[in-house]
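What follows is one structure encoded as structure tokens, with my remarks underneath.
Where a number appears in this text, it was derived from the coordinates with a stated rule and is not lab data. In this text, all values refer to a predicted model and were calculated from it rather than measured experimentally. Cβ: placed from backbone, ideal geometry, glycine included. Neighbour counts: every protein chain shown.
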Amino acid sequence: MLTKWGQALDKTNVLPEYPRPQFRRSNCEILNGEWDYAITALTQLVPPERFEGSILVPFSPESELSGVGRTLKPNECLWYRKQLEAPLGFDANTEDLILHFGAVDQFAEVRLNGVTLMHHAGGFLPFSVVLSDTFVNGIPNELVVRVRDESDTASWSRGKQSSKPGGIWYTPQSGIWQTVWLERAPKRRIETVVITPQFDQSAVDLTVWTNCGGAGVLNLLGNETVFVSGTPLRLSMEGFTPWTPEDPKLYEFTMTFERDFVESYFAMRKCAVERDEAGVPRLFLNNEPYFHNGVLDQGYWPDGLLTPPSDEAMVYDIELMKSLGFNTLRKHIKIEPLRWYYHCDRLGMLVWQDMVNGGGKYKTGTITLPLIFGNAHKDSDYAYFAREEVRGREAYYRELHETVSLLYNSPSIVMWVPFNEGWGQFDANKAVDAIRSIDATRTIDHASGWHDQKGGDVKSLHVYYKAYRYKGDSYGRAEVLSEFGGYSHHIPEHSFSQKEFGYKRLPSKEALTQAFEKLYAREVIPAKAKGLSAAIYTQLSDVEQETNGFVTYDRAVVKMDEERVRAVNAQLSDAKQAVADTAQTVSEVTSEPAAEQPEA
């Protein structure tokens with residue numbers, strides 16, 4: 001099942017855009033395209049003598065766009081092979097060649113010319129390796145990547161991949177699934193920059209790190225300032241324009257260190273939970289109450305699975321939701337390519353970032369029954385949450401630290417979500433402390449849905465099978481409706497499966513639009529007036545058997561009346577230019593009887 005971007009894909013120019021927009025160098029060679037591949041028994045530790053064919057990187061072998069269409073099993077390993085030559089102008093005396101992987105699911109071993117350079121664990125996070133010491137200039141060098149993936153048979157982070165996909169669980173995938181690229185960089189170079197906007201002080205804090213110490217020059221707004229590696233630097237932003245979804249102002253700056261030159265950007269914004277004039281805890285943006293009106297975003301594609309078929313495809317999803325009047329995307333159980341966050345930064349979209357779940361086999365009583373009965377369980381009970389394995393818990397915290405550090409500079413991210421619906425949840429309040437030790441600038445939804453441990457910044461509710469009514473929180477947190485809706489309209493000719501999964505089935509576009517209007521008018525809009533701070537509707541697109549998206553899985557058909565969705569969302573907007581007197585409209589619709597119970 002192809003999207004229009006998959007149909008137009010040029011195999012010689014796959015996802016060619018620069019992969020790291022917030023840390024840009026000019027010397028980059030995208031390695032996406034045709035690679036050799038083979039699948040062998042897990043016991044095989046050396047590359048096979050013969051490879052089976054070609055695979056289109058960075059699409060997983062399970063995806064249609066890869067050209068393979070085969071599922072890697074836990075008792076198998078996947079081999080990649082590609083010939084590399086030095087980029088034009090490469091100087092081995094003064095430069096390094098750095099090989100970057102956006103993400104490889106799940107365990108990767110990287111070899112060059114028969115020498116193992118590194119091992120990496122974790123299927124959703126980037127990694128890199130310096131090739132220079134093993135690379136031979138002037139001849140083809142053989143790059144080999146060996147991958148294994150235990151998927152949901154072990155406790156490692158896996159997201160929504162399942163060996164038995166169906167309902168809310170999706171096709172498993174493996175191997176390289178984000179851009180691979182080769183970068184020329186000076187041996188003495190900038191390694192990273194940490195950016196913290198100080199909104200109330202009209203300033204920005206920047207700490208630049210090099211791999212060798214020393215000092216360089218930072219250029220912001222035409223002013224040059226000397227930085228010292230690892231030393232925090234505070235620069236004035238007097239008279240700055242605040243970043244909002246309505247006006248996503250970005251500030252460009254550059255860093256120069258000896259022969260290295262890096263471009264970046266940031267924004268001035270502040271997110272917090274504060275009390276409004278009536279004393280009600282709410283989500284604030286830039287010191288004012290700001291309602292997070294959003295949708296759940298799985299980030300799956302019928303032709304690429306976790307991999308978007310093009311940069312334009314990512315932009316389409318974000319712009320479609322903005323055009324419908326939403327200002328928030330909850331990135332659900334997935335870490336996207338960095339370009340996705342860049343588009344949210346520049347287009348103006350708040351992001352709630354979920355951590356990727358792991359653990360053992362989940363129990364129905366733990367992850368499903370709370371949907372009906374609303375019970376919470378202490379998450380120090382590791383057996384109850386399928387978190388007995390120590391190495392899985394350790395891996396979770398390692399990846400949590402890497403995730404927060406990776407995305408720290410992105411202004412669009414305003415909420416961290418360490419756990420969802422008890423999927424491998426454990427010690428959620430310790431996770432809050434771990435996040436705050438890295439990032440004290442954003443809010444945290446510590447246990448989205450249920451199994452509330454009374455921590456974090458929000459009381460987070462998932463409501464599907466009953467009407468939602470605002471109650472507030474006795475612990476001083478803002479109340480958010482972090483999942484709800486999920487209304488399904490199945491369009492067979494644009495569906496991945498003939499099976500239909502959703503929380504209420506509607507037979508037509510008109511019926512679906514009416515149901516959406518009533519749901520918001522009866523439950524969400526009145527609750528916002530009382531104190532509800534966010535509403536995250538399920539979901540952006542259909543995904544496999546789930547047919548509860550605003551748009552079909554192939555992104556070909558928007559399933560609701562767009563103008564009427566915009567009219568609903570306008571009633572929730574806190575943006576000054578969008579606020580209107582809608583009291584009469586709300587009163588007219590909410591005077592109807594209580595909402596009917598959604599169908600299963």
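Simple point charges give the picture: +1 on the Cβ of Lys and Arg, -1 on the Cβ of Asp and Glu, and for region 441-573 a dipole about the Cα centre of about 580 debye.
For region 380-392, backbone phi angles converted through the Karplus equation (6.51, -1.76, 1.60; θ = phi - 60°) give residue-by-residue couplings of 7, 7, 4, 5, 4, 9, 6, 10, 5, 6, 4, 5, x Hz, Gly and Pro being listed as x. Calculated [222 nm] ellipticity per residue, helices only, for the chain: -4500 deg cm²/dmol; basis is -39500 (n - 2.57) per DSSP H run with n ≥ 4, divided by all residues, nearest 500. With one equal scatterer per alpha carbon and no solvent term, the Debye-computed log10 I(q)/I(0) for region 190-257 at 0.12, 0.18 1/Å reads -0.32, -0.68. Applying the Kirkwood pairwise sum to the alpha-carbon positions of region 4-186 produces a hydrodynamic radius of 17.1 angstrom.
The rule of thumb for compact globular proteins, 2.2 N^0.38 Å, goes into the C-alpha radius of gyration of region 326-420 1.25 times. For region 99-149, a crude dipole built from +1 on the beta carbon of Lys and Arg and -1 on the beta carbon of Asp and Glu, taken about the Cα centre, is about 40 debye to the nearest 20.
Whole number please: convex hull volume per residue, Cα atoms of the chain, in Å³. Kindly include the intermediate steps, with their values, before the conclusion.
Values: hull volume 90.1 nm³, N = 600.
Output value, Cα hull per residue: 150 Å³.
Compared with the dominant principal axis of the Cα atoms in the chain, helix 509-519 is inclined by about 70°.
Taking amide hydrogens as placed 1.01 Å from N in the peptide plane, the amide H of SER132 sits under 5 Å from those of LEU97, each at least 5 positions away in sequence or on another chain. Think of region 190-257 as having a plus end and a minus end, set by charges on the Cβ of Lys, Arg, Asp and Glu; of LEU250, ILE190, VAL204, ILE190 sits farthest toward the positive end of this dipole. For the chain, the longest principal axis of the Cα atoms and the long axis of helix 338-347 meet at an angle of about 50 degrees.
Across all Cα atoms of region 445-574, the radius of gyration (one decimal) and Dmax (whole number) stand at 15.6, 48 Å. With everything on Cα atoms, drop me the angle between helix 311-323 and the longest principal axis of the chain, reported from 0 to 90° to the nearest 10. The angle comes out at about 20 degrees.
With +1 on the Cβ of every Lys and Arg and -1 on the Cβ of every Asp and Glu, and nothing else charged, how large is the dipole of the chain about its Cα centre, in debye rounded to the nearest 20?
Numbers: 62 positive and 81 negative charges, 196 e Å.
My answer is approximately 940 debye.
Listed by chain and number, the lysines whose alpha-carbon sits under 29 Å from that of LYS82, ignoring those within fewer than 8 places in the same chain, are LYS4, LYS11, LYS73, LYS187, LYS334.
For ALA185, nonlocal amide neighbours, meaning residues 5 or more places apart or on other chains whose placed amide H falls under 5 Å from its own, are ASP96, ILE98.
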